[in-house]
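These notes are about the structure you will find just below.
The values are calculated or read from the model by the stated rules, or taken from the named source; none is laboratory data. Nothing here was measured: the structure is a model prediction, and the numbers come from that model. Please note: Cβ atoms are built from the backbone with ideal geometry, for glycine as well, and neighbour counts cover all protein chains shown. Note: accessible area is taken over every heavy atom of the protein model, side chains too, but ligands, DNA and RNA are not part of it. Shrake-Rupley method; radii C 1.70, N 1.55, O 1.52, S 1.80 Å.
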Amino acid sequence: MAKVIDRDTATDTTPAQMLRGWDHLEWWVGNARASAGFLSSAFGFDIVAYAGPETGLRDRSSWVLQQGEIRFVVTGALTPDCEVADHVRAHGDGAHAIALQVESAQDAFAAAVARGATAVREPWKEEDEHGTLVRASIATYGETIHTFVDRSGYSGPFAPGFITDNLPTTPPGSTVGLERIDHVVGNVELGALERWVGFYRDVMGFDQLLHFDDDQISTEYSALMSTVVWDGSKVVMPINEPAHGKRKSQIEEYLDYYRCPGVQHVAQHTSDIISTVSALRERGVRFLRVPDTYYDDAKVRVPDLDLPWDDLQRLGILVDRDQDGYLLQVFTEMIGDRPTVFFEVIQREGAKGFGAGNFKALFEAIEREQERRGNL
Ligand code: FE2
């Protein structure tokens, strides 16, 4: 008689229960040196580690950037047959790995695979004078992977093989003050949202935090559905699927240019968005334009909030609220050449939402940009 495996009892602990939070995002890009410089000069990240031909890598180089608790790695190919070059040719610059810190990479990997994950790389251990780092990777949407990172036995700046001497210094500029990753958003194909929510529920042990239907997030032209899954603590991952609108959804535009599901935006938290956005604008970061009429509406939508409306309007910062409080948020223009990936800056004052009340205003702003590219 065939043995029946009950998924819920296949392993005692889910990957979600082993998570400590975000570890880093690794971007595969066309020119890692230039991307590192851009993140450093425009977004205020410090370059904290490097690996490349000087350290023995033959096919790629990587720069590690840090701001607050946020860690990005940008990696570029040195040879045409490197997997990074293939990824960039297909997708443009994009997030290849969403790395999550865990107590044990072996256990998180084993639990995920037992619960149905596709293994990408079995647990591997690396050592140097700072200790031992253990990692393992599984597949998620598109060509994106989750890497489980156990750095409990490692005290170096990033990983064995990375050096910290002779790094470019951080260019001068006002302090930006990005503190931590708030959420990482993925776009998936039409009809695939439920399957990926199922993946995060069944494989990762995540819970559903919120769901928005297309009637909640739509404009005359563009629509999407979104479900937010999370580990119950820090790792919050909204997933979007395009919905039918009069014209092409911004999610479809992403899928056309990224050419498969992938990371759409990374929201980074600040406790003072006015100072953060002022510094970013001064450093040359460009944001989505928000129509002045947005603020006339917003003052009616949240009449009892005592906010510095003039500053918000001058800086193009959006306002939303839910039953727990309010949030301020702003979206950058695309950070690469293709209309795919962008950043969000968010300040939460109690609110646990994602700006659903803003989405219509935001989408109208996005569609104006899309129309200028001839893709609406
Ligand atoms: Fe967001």
Total residues in the stretch 97-111, condition open to solvent by less than 10 Å² (accessible area, probe 1.4 Å) and touching a residue at least 60 places away in the same chain (Cβ under 8 Å) = 7
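Identify, please: which residue in the stretch 125-155 is among the small types (Gly, Ala, Ser) and touching a Phe, Trp or Tyr at 6+ places or on another chain (Cβ under 7 Å) and is, among those, least open to solvent (accessible area, probe 1.4 Å)?
Taking the stretch 125-155 first, the residues among the small types (Gly, Ala, Ser) are 131, 136-137, 139, 142, 152-153, 155.
From the residues that got through so far, the ones that are touching a Phe, Trp or Tyr at 6+ places or on another chain (Cβ under 7 Å) too are 131, 136.
Working: Gly131: 20, Ala136: 0 Å².
Checking each candidate, the answer is Ala136.
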key: Members of the stretch 323-344 found to be away from the ligand (no atom under 12 Å from the Cβ), closer than 25 Å to Ile251 by Cα and charged (D, E, K, R), listed by number   = Glu333, Asp337, Arg338
task = Return a yes/no flag: does the stretch 319-326 have any residue that is polar (S, T, N, Q) and touching a residue at least 24 places away in the same chain (Cβ under 8 Å).
result = no
query = Is there a residue being under 30 Å from Phe331 (Cα atoms), among the basic types (Lys, Arg) and open to solvent by 20 Å² or more (accessible area, probe 1.4 Å) anywhere in the stretch 188-202?
reply = yes
inquiry  = Kindly evaluate Gln208 against the criterion of being buried (at least 20 other Cβ atoms within 10 Å of the Cβ) and of a type outside the set (Asp, Glu).
reply    = no
task = Return the residue satisfying two criteria in turn: it lies in the stretch 236-249 and is within 13 Å of Leu190 (Cβ to Cβ) and away from the ligand (no atom under 13 Å from the Cβ), and of such residues it is modelled with the lowest pLDDT.
result = Gly245
